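These notes are about the structure you will find just below.
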Amino acid sequence: MTFINPAILWGLLAVSIPILIHIFNLKKTRKIEFSTLMFLKEIQETKQKRIKLKQLLILLCRIAFIILIVMAFAGPFTKGFLGSITDKSPATVLILFDDSFSMNGRSASGTDFDAAKNKAIELINTLAKDDEVFFVPVSKIDNYSYLTPYKEINSIRDSITHHKTSDVRKPISSILYKAKNILSASKYPLKEVYIITDGQSSMFEKNNLAAEELFDKDTRLNFVLVSARTPNNISIDSVDVKTKIFVPGRTVKLTAIVTNHNNFNITSKSIVFTSDTYRDEKAIDFPSGSATEVDFTFSPQKGGFQSGTIELTGSEISEDEFQNDNKRNVVFYVPEYLGVLIVSENPSDDDYLSLAISSSEAMMTDSSGNKINFYKIKNSRSLTGENLNDFNAIVIVTKRSFSNDEASKLKAYIEDGGGVIIYPGKNAELNNYNDVLNKTFGIPYLPQRTENPNGTVFDKIDYDHPLFEGMFKSKTNESKIESPLVKSWVSPQAGANSQSLIKLSGGENFLVQYRIGKGNILFYAIPPDKSCSNFPEISIFPPLTLRSIGYVSKLPSPKEAIAGEECYFNPEDFGPIKTDSLFIAGLNQKKTAIPYSSENLSLINLESYINAAGIYTIEDKSRVLYEFPANTSGKESLTPRLNTSEISYFIRNQYKLK
């Protein structure tokens, strides 16, 4: 056991006071025996024994009371798990200060964060002048400017006083590993590590670090707990963009998951979605201990990266003590146009496909009513000579056969995130498809063509797939869905990394999606003409055609980052970058240069740049390449706490410390 204020232990001398009182109370009195009371002597002796026992118990209680009072003011710490070291020798002292936003939990005397500051200052006041002292907020544990010892105590006090909670959290494994690295260059062999924390249970995650990799026998690990209760909290845990196919002016659906961590219900809580000038507000009830879905829809009127926030407003401390997790950022990309390459050997093969695209485009207008030229179509008779990376999607219609070069070219395009739609024609050479195209793609071979003069129709549709979002009024009344009458088809086979989207009545696949690398293939069983069916004549043909193109199109796909965690950016996803200057910017628009070379295109870890929730952009000197949301970790929103015994058990068992 160690103490913040060991000098107060001199107060234990006060234990002598009740002892002296007890001794003086034992002064003997002269006994006078009367003949008439002689027979009561035995009873009196029994009563005296009871009185002495009572006095002894009172003495012990007085002593215990004084000891506990003195110990409390001395500020005991949890004993280090690595044994004791002499307190008289100079030591390297590492104070790791938990500044995650869960430290905003409150007690009668203020927040846990305020209590942690007081504990840190009390601890610093006990240090010897020769001690080497590190003070490192957990959110800054990867920042090298914080990993040097302080030269004077007053500067540490200033750092503590002005420090604020952070959106960044770190698990205990990362904290201990970083502590080991900091202490590896310590000035003294004797080392003390103090972790001042609220003991949030989610902080103590299991890991594979071995005990011998952490500390040597001269290092003592201490936890200083400042949380006295389980705080109240409501959090927005995630925002999912349900819409997967984006067109300007079309509805986008978002779903937020909100959790009430409290043991009481919350009613009429306001939750707001904003994006530029658009604002939508809803009042929601959140049952105790439950997660609730809240849906928002809106129609972006322009293309490019679209950002927004979903936020809980009007929170009261009595029901929500953490404010950092009340807001969630979201980013998605709406294309201004789609570049589509349509490859067909005969000009008439893609007539119906082109008609469906042009008819839909004729009805597309912006917010001012002006016509939008959304699809930029290029018709070609061959893949040879075409730069596939110039297009968002490739549509191959009734192509008879493929060369090995064409198949390899398509595969490279798909693996890099591109999308291809394949319509095999009635004259398709299936052996060539299997031996060249399907073999190169690594997808199941095609069976022989099936002929049925009576025809077959749709039987099952995967309504939950994004391809069919909004196409049907009902997912259950399948009998009313208009189906083509298919008389000749080549059924694509499902396999690994594939999904059957539409099945025919005989169980054969009509449409299968294959995933290869970062991209997708949609493989149909028939061509988009009337040679094998009446597919172009039914109402499902135009929307299915357009949504197929939109679904497979290669577009920026913003990924959520978590503040303080690894987040990788791949410059190759944005084509040739002709500059060696890249920048990252947050909401304050302050730009920070990112080390980068156009000659060495490798993944860039953005972890050190994302230290708060917000909207971030990656830019070169002239344009925005990428925009993405950063949010807080959902683990930091959890309210359970561990006590000293539970932390001790975890550390001893996880790291096998003695």
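The values are calculated or read from the model by the stated rules, or taken from the named source; none is laboratory data. Worth saying up front: this structure is predicted, and the values here are computed from it rather than measured. A quick note on method: Cβ atoms are made from the backbone with ideal geometry, for glycine too, and the neighbour counts reach across all protein chains shown. With ligands, DNA and RNA removed, areas are computed over all heavy atoms of the protein, side chains included. Shrake-Rupley method; radii C 1.70, N 1.55, O 1.52, S 1.80 Å.
List of remarks:
- Sole exception among (1) more than 26 Å from Glu386 (Cβ to Cβ); (2) touching a Ser or Thr at 6+ places or on another chain (Cβ under 7 Å); (3) open to solvent by 20 Å² or more (accessible area, probe 1.4 Å) for Trp489, by number: (3)
- Verdict on Lys170 being in a loop (DSSP other than H, G, I, E, B), touching a residue at least 40 places away in the same chain (Cβ under 8 Å), farther than 30 Å from Asp295 by Cα and open to solvent by less than 30 Å² (accessible area, probe 1.4 Å): yes
- Residues within segment 548-570 that are part of a strand (DSSP E or B) and either open to solvent by 10 Å² or more (accessible area, probe 1.4 Å) or not small (Gly, Ala, Ser) (or both), tallied: 3
- If you go through segment 86-110 and keep only what is open to solvent by 10 Å² or more (accessible area, probe 1.4 Å), assigned to a strand (DSSP E or B) and in contact (Cβ under 8 Å) with a residue 60 or more places away in the chain, you end up with Arg106, Ser107.
- Candidate set: segment 347-363, residues that are open to solvent by 60 Å² or more (accessible area, probe 1.4 Å) and of a type outside the set (S, T, N, Q); chosen: the one farthest from the chain's Cα centre (by Cα): Pro347
- Residues in segment 100-122 that are over 29 Å from the mean Cα position of the chain (by Cα) and more than 16 Å from Val138 (Cβ to Cβ): Ala108, Ser109, Gly110, Asn118, Ile121, Glu122.
- Options Ala120, Ala115: the member that is open to solvent by 20 Å² or more (accessible area, probe 1.4 Å), in contact (Cβ under 8 Å) with a residue 60 or more places away in the chain, among the small types (Gly, Ala, Ser) and assigned to a helix (DSSP H, G or I): Ala115
- When the residues of segment 360-375 are filtered to those that are of a type outside the set (Phe, Trp, Tyr) and under 18 Å from Phe391 (Cβ atoms), the one that is modelled with the highest pLDDT is Asn373.
- Against the numbered list (1) open to solvent by 50 Å² or more (accessible area, probe 1.4 Å); (2) outside any loop (DSSP other than H, G, I, E, B); (3) polar (S, T, N, Q), Thr617 comes up short only at (1).
- Unmet criterion (only one of (1) part of a strand (DSSP E or B); (2) open to solvent by 50 Å² or more (accessible area, probe 1.4 Å); (3) of a type in the set (A, V, I, L, M, F, W, C)) for Val258: (2)
- Hey, Tyr524 touching a helix residue (DSSP H, G or I) at 6+ places or on another chain (Cβ under 7 Å) and either at pLDDT below 95 or under 23 Å from Ile443 (Cα atoms) (or both) or not: no
- Here Leu625 meets each of (1) aliphatic (A, V, I, L, M); (2) closer than 12 Å to Met203 by Cβ; (3) assigned to a strand (DSSP E or B) with one exception, condition (2).
- Put simply, of Gly425, Gly470, Gly455 the only residue that is more than 22 Å from Lys518 (Cα to Cα) and open to solvent by 70 Å² or more (accessible area, probe 1.4 Å) is Gly470.
- Qualifying residue in segment 600-613 (condition: under 30 Å from Ser235 (Cβ atoms), of a type in the set (S, T, N, Q) and surrounded by 17 or more Cβ atoms within 10 Å (Cβ to Cβ)): yes
- Matching residues in segment 131-167 - criterion: being closer than 30 Å to Asp237 by Cβ, of a type outside the set (Gly, Ala, Ser) and not in a helix (DSSP H, G or I): Val136, Pro137, Ile141, Asp142, Asn143, His163, Lys164, Thr165, Asp167
- When we screen Ile310, Ile266, Ile357 for residues that are at pLDDT below 95, over 30 Å from Glu537 (Cα atoms) and among the hydrophobic types (A, V, I, L, M, F, W, C), the only hit is Ile266.
- No other residue among Leu467, Leu485 is touching a Phe, Trp or Tyr at 6+ places or on another chain (Cβ under 6 Å) and within 22 Å of Pro536 (Cβ to Cβ) apart from Leu467.
- Filter pass, Val420 being over 22 Å from Ile526 (Cα atoms), crowded, with 21+ Cβ neighbours inside 10 Å, of a type outside the set (Gly, Ala, Ser) and in contact with a strand residue (DSSP E or B) (Cβ under 9 Å, 6 or more places away or on another chain): no
- Phe264 vs. criteria open to solvent by 50 Å² or more (accessible area, probe 1.4 Å) and either touching a residue at least 24 places away in the same chain (Cβ under 8 Å) or aromatic (Phe, Trp, Tyr) (or both): yes
- Residue tally, condition in a strand (DSSP E or B) and loosely packed, with under 15 Cβ neighbours inside 10 Å, over segment 437-452: 2
- The residue of segment 571-586 that is nearest to Ser633 (Cα to Cα), among those that are part of a helix (DSSP H, G or I) and open to solvent by less than 50 Å² (accessible area, probe 1.4 Å), is Pro571.
- Flag if Lys409 is surrounded by 15 or more Cβ atoms within 10 Å (Cβ to Cβ), outside any loop (DSSP other than H, G, I, E, B) and modelled with pLDDT of 95 or more: yes
- Residues of segment 295-329 that turn out to be closer than 30 Å to Gly249 by Cα, β-branched (Val, Ile, Thr) and open to solvent by 10 Å² or more (accessible area, probe 1.4 Å), as a count: 3
Okay, residues lined up against (1) at pLDDT 85 or above; (2) within 30 Å of Leu225 (Cα to Cα); (3) of a type outside the set (S, T, N, Q); (4) over 23 Å from the mean Cα position of the chain (by Cα):
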residue	(1), (2), (3), (4)
Ser597	no, no, no, yes
Gly614	yes, no, yes, no
Ser622	no, no, no, yes
Tyr649	yes, yes, yes, yes
Lys658	no, yes, yes, yes
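- Subset tally (residues that are assigned to a loop (DSSP other than H, G, I, E, B) and closer than 21 Å to Val436 by Cβ) for segment 371-406: 12
- When the criteria are applied in full, Ser344 meets the requirement of being open to solvent by less than 10 Å² (accessible area, probe 1.4 Å) and in contact (Cβ under 8 Å) with a residue 12 or more places away in the chain.
- Ile236 vs. criteria in a strand (DSSP E or B), out of contact with any helix residue (DSSP H, G or I) (no Cβ under 9 Å at 6 or more places or on another chain) and open to solvent by less than 50 Å² (accessible area, probe 1.4 Å): no
- Sub-7 Å Cβ pairs linking a first residue in segment 313-325 that is under 22 Å from Val168 (Cα atoms) to a second residue that is of a type in the set (Lys, Arg) and open to solvent by 70 Å² or more (accessible area, probe 1.4 Å), at least 6 apart or interchain, are Ile317/Arg106; Glu321/Arg106, ordered by first then second residue.
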